[in-house]
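What follows is calculated from the coordinates using simple rules that are stated; it is not laboratory data. Keep in mind that what you see is a predicted model, and the values were worked out from it rather than measured.
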Amino acid sequence: MSNTTGSAGQPKPALPPSVFTLPQSAQLEALYTIIRDKDTSRGDFIFYSDRIIRLLVEEGLNHLPVLPKTVETPTGATYQGVGFEGKICGVSILRAGEAMEQGLREVCRSVRIGKILIQRDEETTLPKLFYSKLPQDIAQRYVLLLDPMLATGGSAMKAVEVIMEHGVPEDRIIFINLISSPEGLKTFCAKYPALRVITGWIDEGLNDRAYIIPGLGDFGERRYCS
Ligand code: URA
């Protein structure tokens, strides 16, 4: 399955330029097939979702700037390469986003990771910030925002608002998720057009309970409970 054609071979609407998907290979689709399957055990769900998270984090890092860097190799030759420029941190949206922290740590040793808890305000029904703990120098860092499922986009947009209030420019935030709904992507990218979104797969849509369809159910439940 490619990202430009739907299941019936119909062209999909063009993605906003700030959205990047993983190469839609058969290998990747096989990983998604395992984690979408309701009969997949919790152990396999963790193992295979971790594989996807790792790919997503690597793709996110591709969007960070580099500067020319020359090194000397053990052969005595010089190699003109590049080095990472700028510092990064992660911010996970609790609770499901916490599952992506280890994938980031495996790729970026001793990376700082902040946390944000957003829940629905029962009175207003709007997403409300309940807790945040962010690196104190976050304004000087690129931020990899971690949340596995982009459904309506409400929590992610609130999280971006909080991060930007701490001084991080929109274009220094990279939002990484495993599955997006087209509705959520559209709303999110319209509000934050300069923020890059790295998503593994774009699904068909949302049901009336705001679950992604076909999706994989409740990511947090499947990862922590079943
Ligand atoms: N969060 C989930 O875990 N699953 C969905 O389908 C939507 C939001």
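Summary table below
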| read-out | value |
| --- | --- |
| Between 0 and 90°, nearest 10: helix 42-61 axis offset from the chain longest Cα axis | 50 degrees |
| Linear extension gain, Glu170 paired with Gln140, 0.36 nm per residue minus alpha-carbon span | 9.5 nm |
| 5 angstrom amide H check on Ile174, placed H, neighbours 5+ away | Val143, Leu144, Leu145 |
| Long pairs among Lys87/Lys158; Lys128/Lys186; Lys38/Lys133; Lys38/Lys128; Lys133/Lys191, criterion Cα-Cα beyond 27 Å | Lys38/Lys133; Lys38/Lys128 |
| In degrees, nearest ten, helix 154-165 long axis to first principal axis of the chain (Cα) | 40 degrees |
